[in-house]
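Structure record follows, encoded as C-alpha cells.
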Amino acid sequence: MFTIEAFLGALTLEPVGDDRYRASNIASEHNVVFGGQLLGQSVMAGLAGQEAKTVKTIHTVFARAASPEAPLDITVERMHGGRSVASSTVTISQGDQICTRSLVLLSADEADVIRHADTPRSPSSPDDLGEIRSSGAWEVGIVGEVDVNDPELVGPPELDVWVRFVGAPNDPATDQALVAYSTDGFLIGTAMRPHRGVGQSQAHRTLSTGVLSHTLTYHEPCPASEWHLIQQWSSYAGHGRSYGRGDIFRADGQLAASFVQDAMIRARTGGPGKL
C-alpha cells in the first residue's frame with residue numbers, strides 16, 4: 001500500500017553536485033523498480049532549474065532493471081536552453097550501470113495559433129466503475145472490470161483505465177511526474193488480451209516482460225489527484241515484442257497527454273532483471 005508520502009518521497013531528488021541527484025525507491029513486489037517511477041523521476045530531473053517551463057515530451061529507453069534496495073543516481077546534461085524551449089538528457093544509474101536514459105523536451109506556455117484535440121473514443125465515467133483497486137494513494141478502475149491477469153480471458157487489444165492519486169498536491173511538476181507513473185503499467189497487459197493462455201499474472205514467472213522504450217507527450221495540465229482516463233490499444237505484437245499507444249483524458253474530456261510504448265513479451269529465461 002503506497003501512501004502519497006511514499007510517491008512524493010521518491011520524486012524528491014537530493015542534490016549531490018551540479019545537475020546530479022540521488023533518489024529513493026518505492027517498494028516493489030517483483031524486486032525491480034517499477035518503470036513508471038523511473039519515468040516520474042526523469043520528469044522531475046528534467047524540470048529541475050527550468051522555471052516557467054513544463055515537460056512537453058519525454059522519450060525514455062530502459063536499458064536494464066533497477067533494484068529497489070539501492071538508491072538511484074541521476075545525472076542531467078543540459079543540451080539547450082531558450083525562452084520558449086529547452087532540452088536535457090537525464091540518465092538514471094545504480095553503481096556503474098545505466099538503468100534508463102531519457103531525452104526531455106521542455107516548453108513554455110504560448111498562445112494558440114490553431115487548436116483541436118481528439119475526444120475519448122468511447123464514453124465512460126469514474127462513477128460507472130464497478131471495482132476500484134487501491135494501492136494506497138494510487139486508485140485504479142478498469143472500465144468493464146477487465147482482468148488482464150487472467151490468461152483465459154480473451155478480448156480486443158484495448159483497455160480503458162481510470163486513475164487518480166489521492167492526496168497529491170496541487171503542483172504542475174508533481175502532476176506531470178505522477179501522470180507519467182500511470183502510463184507505464186497497462187500496455188503489456190493490453191497486448192496480451194487477444195491471446196488465450198497469456199496473462200499479466202505470468203509476468204516475471206513464466207514470461208519475461210518489460211518496457212523497452214516509452215515516449216510521453218503532454219498537451220494540457222492534468223491534476224493527478226483528480227480522475228483521469230487512460231485509453232490504450234496495442235496495434236502490434238510479435239517477435240517477442242509488443243507495441244501500443246495511449247491517450248490520457250481529464251474527466252472533462254480534454255485530451256491531456258499521449259504516449260507510445262515498445263515492450264518485451266517472451267518466454268522467461270535467466271534470473272530476475274535479465275533481458
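Annotations for the structure displayed:
- Farthest toward positive dipole pole in the chain [+1 Lys/Arg, -1 Asp/Glu at C-beta], among Ala48, His219, Ala65: Ala65
- Farthest toward the positive end of the dipole of region 30-106, out of Val104, His30, Ile92, is the Cα of Val104, where the dipole comes from beta carbon charges about the Cα centre.
- Stretch gain in nm, segment Asn31-Asp18, where the contour uses 0.36 nm per residue and the Cα spacing is subtracted: 1.6 nm
- Dipole size of the chain about its Cα centre, with +1 on Lys/Arg Cβ and -1 on Asp/Glu Cβ: approximately 1020 debye, rounded to the nearest 20.
- Distance between region 162-219 and region 105-144 - C-alpha centres, whole angstrom: 13 Å
- Shape of region 1-144, Cα gyration tensor, a/c cut at 1.5: oblate
- The orientation-averaged projected area of the convex hull spanned by the Cα atoms of region 1-62 comes to 5.2 nm².
- Paramagnetic reach from Val166 (point 7 Å along Cα→Cβ, amide N under 17 Å) across region 138-159: 138-142
- On the beta carbon distance between Asp127 and His195, with R0 = 30 Å, the FRET formula returns roughly 0.40.
- Of the three principal axes defined by the Cα atoms of region 140-275, the extents in descending order read 43, 30, 25 Å.
- Mean separation of Cα contacts under 8 Å (6+ apart) over length of region 1-77, as relative contact order %: 39 percent
- Cβ-placed point charges (K, R +1; D, E -1), dipole of region 129-265 about Cα centre in debye, nearest 20: 460 debye
- Along the axis of the charge dipole computed for region 120-275 (Cβ charges of +1 for Lys and Arg, -1 for Asp and Glu, origin at the Cα centre), the listed residues Gln202, Trp138, Gln254 are led at the positive end by Gln202.
- Within the chain, helix-based [θ] at 222 nm, where runs of 4 or more DSSP H residues each add -39,500 (n - 2.57), nearest 500: -4000 deg cm²/dmol
- Computed from backbone phi with θ = phi - 60° and the Karplus coefficients 6.51, -1.76 and 1.60, the 3J(HN,Hα) list for region 56-64 is 8, 9, 10, 10, 10, 10, 9, 7, 7 Hz; x is used for glycine and proline.
- Sequence of Val179, Val166, Val211, Val146 once ranked by neighbouring C-beta atoms within 10 Å, starting from the fewest: Val166, Val146, Val211, Val179
We did not get these values from a lab; they are worked out from the coordinates using the rules stated. Just so we're clear, the structure is a prediction, and the values are computed from it rather than from any experiment. All Cβ positions, even for glycine, are placed from backbone atoms using ideal geometry, and neighbour counts span all protein chains on display.
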